[in-house]
Amino acid sequence: MPRAEIFEMGPRDGLQNEKRLIPAAEKIALVDLLSRAGFRRIEVTSFVSPKWVPQMGDAAEVMAGITRAPGISYAVLTPNMKGYEGARAARADEIAIFASASEGFSRANLNATIAESLERFVPVAQAAQADGIPVRGYVSVVTDCPYDGPTPPANVARVAAALRDMGCYEISLGDTIGQGRPETIDAMLGAVLNELPAEKLAGHYHDTAGRALENIDASLARGLRVFDAAVGGLGGCPYAPGAKGNVATERVAAHLARLGYDTGLDMAVIAEAADMARALRGPA
Ligand code: HMG
Ligand code: MG
């Protein structure tokens, strides 16, 4: 059976936008449950400014509290050297740097131009490499930006290539506001694939318009086999107005299974984790 992988985003992308400040113990319980589901990679938290994203202010506590299962890489986001120092102290197995394909979103999410953000990531990537910590890269707003409108595919390819040149082992392509369509995803991938092979790319699709599974199909046709998803479909980015959650892990896993891909996931544990993730959110 051909393999496809889901990179679980629930504890990070899923929870970062929740209004209720979720106690660290509840986040730890979610990560520990997800560790039994068969994921190879779980994004646990972000070492970002707590002024910008208060929900992730307990990153060190969450990382210290989880029970690590062998063979799982516990990943965190790091926007700058301060974040990197926190990630290293917390013994993150891998880190992610995150750039934008549009100037409007870069300013809103990182308080920097695209060029400034890439400059800021260079020492982070260098330090991680020196410490033997793998670095993943994100490009956000790959088809549509809430500030600048449609994103030209060439801009995504340029930023993805810059992250590759910094040593990122994989680039995750974010439809941050979930407005991509199979045609726009396909056109974007066409440009990015001129720079990077499909094995180095992942699809990170939010499901705002309900098209994430179709966008995954378009990406499978282009050779991608890694998809980011969050149990329960929770999430959104606080700096992307109107963005809804990542596509739900349980839906992607079932979809990939129907298409004949083996994800290695235990659907009963995933269902339990989806229930737990929804409960963490509290009353709407
Ligand atoms: P800034 O305000 O320009 O930064 O923000 P600064 O360097 O001036 O620092 C401001 C304050 O934050 C200072 O504290 C710093 O020490 C502190 P003060 O002196 O005022 O007390 N600070 C930090 N504290 C902890 N950890 C840090 C850190 N850095 C600074 N790492 C900055 C610039 C990049 C820090 C800010 O814009 C930021 O944290 N942005 C992150 C926003 C974010 O997390 N967004 C969500 C994740 S991205 C996403 O969801 C998209 C994705 O899912 C893919 C997709 O869907 O497209 C990945
Ligand atoms: Mg996201």
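Can you say whether Glu199 is under 17 Å from the mean Cα position of the chain (by Cα), under 23 Å from Glu5 (Cα atoms) and within 16 Å of ligand 2 (Cβ to nearest atom), as far as the supplied structure shows? Judged against the criteria, Glu199 is not a match. Restricted to the range 121-177, and to residues there that are under 22 Å from Ile42 (Cα atoms) and among the acidic types (Asp, Glu), the residue that is surrounded by the most Cβ atoms within 10 Å (Cβ to Cβ) is Asp175. Criterion applied to Leu265, Leu224 was being assigned to a loop (DSSP other than H, G, I, E, B), modelled with pLDDT of 95 or more, within 16 Å of ligand 1 (Cβ to nearest atom) and crowded, with 16+ Cβ neighbours inside 10 Å, and the one residue passing it is Leu224. Given the structure, is Ile216 out of contact with any Phe, Trp or Tyr (no Cβ under 7 Å at 6 or more places or on another chain) and either within 22 Å of Asp148 (Cβ to Cβ) or surrounded by 17 or more Cβ atoms within 10 Å (Cβ to Cβ) (or both)? No, not satisfied. Anything in the range 1-34 that is farther than 30 Å from Ala221 by Cα, outside any helix (DSSP H, G or I) and either in contact with a helix residue (DSSP H, G or I) (Cβ under 6 Å, 6 or more places away or on another chain) or within 16 Å of ligand 2 (Cβ to nearest atom) (or both)? List them, or say none. Result: Leu15, Gln16, Asn17, Glu18, Ile22.
Can you find a residue that is among the polar types (S, T, N, Q) and open to solvent by 20 Å² or more (accessible area, probe 1.4 Å) anywhere in the range 74-92? Yes - at least one qualifying residue is present in the range 74-92. Within the range 170-191, the set of residues being under 14 Å from the mean Cα position of the chain (by Cα) and not charged (D, E, K, R) comprises Ile171, Ser172, Leu173, Gly174, Thr176, Ile177, Gly178. Whether a residue is touching a residue at least 60 places away in the same chain (Cβ under 8 Å), closer than 18 Å to Thr151 by Cβ, open to solvent by less than 60 Å² (accessible area, probe 1.4 Å) and within 16 Å of ligand 2 (Cβ to nearest atom) was assessed, and Ala277 does not pass this test.
Taken over the range 240-250, residues that are at pLDDT below 95 and either surrounded by fewer than 22 Cβ atoms within 10 Å (Cβ to Cβ) or hydrophobic (A, V, I, L, M, F, W, C) (or both) amount to 5. Here Ala230 clears all of (1) open to solvent by 10 Å² or more (accessible area, probe 1.4 Å); (2) touching a residue at least 40 places away in the same chain (Cβ under 8 Å); (3) within 13 Å of ligand 2 (Cβ to nearest atom) except the condition numbered (1).
The values are calculated or read from the model by the stated rules, or taken from the named source; none is laboratory data. Bear in mind the structure is a predicted one, so any value in this text is a computation, not a measurement. In this analysis, Cβ positions are derived from the backbone assuming ideal geometry, glycine residues included, and neighbour counts consider all displayed protein chains. For the accessible areas, the whole protein counts, side chains as well, though only heavy atoms, and no ligand, DNA or RNA atoms are used. Shrake-Rupley method; radii C 1.70, N 1.55, O 1.52, S 1.80 Å.
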